[in-house]
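Engineer: Below is one structure. I have some questions about it.
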Amino acid sequence: MRHKITRALALLAAPFALASTVTTGQAAAAASVHYKVTMIRAVDGAVGNVPFALNAAGHTAGLGSFPGIGAQTGYLSTSPTQVTELPGVVPGDPALAHDSAAFGMNSSDTVVGSARQTLPIRQTAVVWHNGVPTDLGILPADDHVEARAINDSGQIAGSGVDTGVAWLYQAGKTTVLPSLPGGRVAGAFGITADGQVLGLSTTSNDVSNAEATVWRNGSPSDLGSLPGSTWSEAHAMNSNGIAVGAAGVGGGEFAPRHPVMFAAGKVIDLWPDLGGSTFGTAFAINKDGTIVGDGRDGWVYRDGVRTDLTTVIPPDSGLTITAAYGINDAGQIAASAAKVGDRHQRFAVLLTPVAG
């Protein structure tokens, strides 16, 4: 049972037209946006690898590599040439001092994520203020707790992976969010400016089936899934109430997933021809309804057109955009890239729109 719950929670949740119905004018408008690529790296050799979070100022946080540290650890970058390590919560331990991961941030550069704690060794939810970590002490009986998102009001959403619960932390108190009726497992991946939590919940004792869920004032609502699917998850929602995430295609937890949009009671497949066993997820949406995510590679979806981001960056960059994790209202995108022909190492990049 623990394996299923862990698997369920660890997998990373204005009307639009589908690509097949887009007019020529719309397609031309979407294709005209190109991007300047800025590598997130410091002069001392520190680099960002996976930028899970992006804020309005174009600052990023996620996983990075630092000189002298053998493994990836959490990072914060307030400019593309400044990459600061986010330390763990056990500074005196040579291993745990650098064991952290950053998943979300707000406009004040407050970052949330997780770090390893001792006695016993467990993963705990953490918030970093000015780069200083604080163990939130959430779900102390759970060995795997993650803070996944924070808004500008300081509300934090996350998951207890082993216990299978979603939670909301605000004003120093933690609220365990209920599952959908009949369900027993939930997880939270995102939070809106007004405190709505995005994630998933099961609807029965079968934890291999789950539905994308939004919690409003602590009450869960089912966002639905694709026809024939018994799995979906929501990761973000914009101010117009449009949510994005992923949904299985013809199956449950282990079925291939397509990136989807949840709008006006409908679930729209953003990549109907993704095909094969490829998984894709829509991770973020901005106020204008522009969506980014991953699949075969990183992409942006605008005005009903999905565009491979590698095709709209300078061809001499030598990079392939492998995934896109965040987009702000200025249209900047936080993405991972790899060198053309070599996907062994990923680099965090900031994509800034320029006139096409």
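Engineer: Quick one: Karplus J couplings for region 305-315, per residue in order, coefficients 6.51, -1.76, 1.60, θ = phi - 60°, nearest Hz, x for Gly and Pro?
Structural biologist: Once θ is set to phi - 60°, the couplings for region 305-315 become 10, 9, 10, 5, 5, 5, 7, 10, 10, x, x Hz.
Engineer: List every residue whose amide H lies under 5 Å from the amide H of VAL185, counting only residues 5 or more places away in sequence or on a different chain, with H placed 1.01 Å from N in the peptide plane.
Structural biologist: Those qualifying (amide H under 5 Å, at least 5 residues apart or on another chain) are THR202.
Engineer: Okay, moving on. Within a Cβ distance under 11 Å of GLY64, other residues only, what is the Lys/Arg minus Asp/Glu net charge?
Structural biologist: +1
Engineer: Related question: Using the Karplus curve 6.51 cos²θ - 1.76 cosθ + 1.60 with θ = phi - 60°, what ³J(HN,Hα) values do you get for each residue of region 216-225, in whole Hz, with x for Gly and Pro?
Structural biologist: Ordered by residue, 3J(HN,Hα) equals 10, 6, x, 9, x, 10, 7, 8, x, 8 Hz.
Engineer: Another question about this same structure. Please tell me the relative contact order of region 309-353 in percent, rounded to the nearest whole number, where contacts are Cα pairs under 8 Å and at least six residues apart.
Structural biologist: It rounds to 31 percent for region 309-353.
Engineer: Mind listing the phi-derived Karplus ³J(HN,Hα) values for region 328-338, rounded to whole Hz, using 6.51, -1.76 and 1.60 with θ = phi - 60°, and x for any glycine or proline?
Structural biologist: 9, 6, 7, x, 5, 10, 8, 9, 9, 9, 9
Engineer: Let me ask something else. Please report the orientation-averaged projected area of region 106-187, defined via the convex hull of its C-alpha atoms, in nm².
Structural biologist: Its Cα hull, projected and averaged over all orientations, spans 5.4 nm².
Engineer: Sticking with this structure for a sec: Roughly how many percent of the accessible protein surface of region 179-223 is carbon and sulfur, given a 1.4 Å probe and a whole-percent answer?
Structural biologist: Ligands and nucleic acids excluded, carbon and sulfur reach 40 percent.
Engineer: Taking H as built 1.01 Å from N, whose amide H comes closer than 5 Å to the amide H of THR174, not counting residues under 5 places away?
Structural biologist: Under 5 Å from the amide H of THR174: no residue qualifies.
Engineer: Sticking with this structure for a sec: Once you keep just the Cα pairs under 8 angstrom separated by 6 or more residues, what percentage relative contact order results for region 171-270?
Structural biologist: 20
Engineer: Within the set of other residues whose C-beta is less than 12 Å from the C-beta of GLU85, count the net charge using Lys and Arg as +1 and Asp and Glu as -1.
Structural biologist: Around GLU85, the charge tally is -2.
Engineer: In whole Å, how far is the Cα centre of region 120-149 from that of region 186-211?
Structural biologist: Region 120-149 and region 186-211 have Cα centres spaced 19 Å from each other.
Engineer: Which pairs, out of LYS36/LYS266; LYS266/LYS339; LYS36/LYS287, put more than 26 Å between their alpha-carbon atoms?
Structural biologist: Flagged as over cut-off: LYS36/LYS266; LYS266/LYS339.
Engineer: Considering the values (i) 1.13; (ii) 1.02; (iii) 0.95, which represents Rg/Rh (Cα atoms, Kirkwood Rh) as calculated for the structure under consideration?
Structural biologist: Given (i) 1.13; (ii) 1.02; (iii) 0.95, the calculated one carries the label (iii).
Engineer: I've got another one for you. So what's the net charge close to ASP99: Lys and Arg +1, Asp and Glu -1, counting the other residues with Cβ under 15 Å from its Cβ?
Structural biologist: Around ASP99, the surrounding residues sum to -3.
The values are calculated or read from the model by the stated rules, or taken from the named source; none is laboratory data. What you see is a predicted model, and the numbers here were worked out from it, not measured in a lab. Positions of Cβ are backbone-derived with ideal geometry, glycine not excepted, and every protein chain shown enters the neighbour counts. Please note that ligands, DNA and RNA were not included when accessible areas were found on the heavy atoms of the full protein model with its side chains. Shrake-Rupley method; radii C 1.70, N 1.55, O 1.52, S 1.80 Å.
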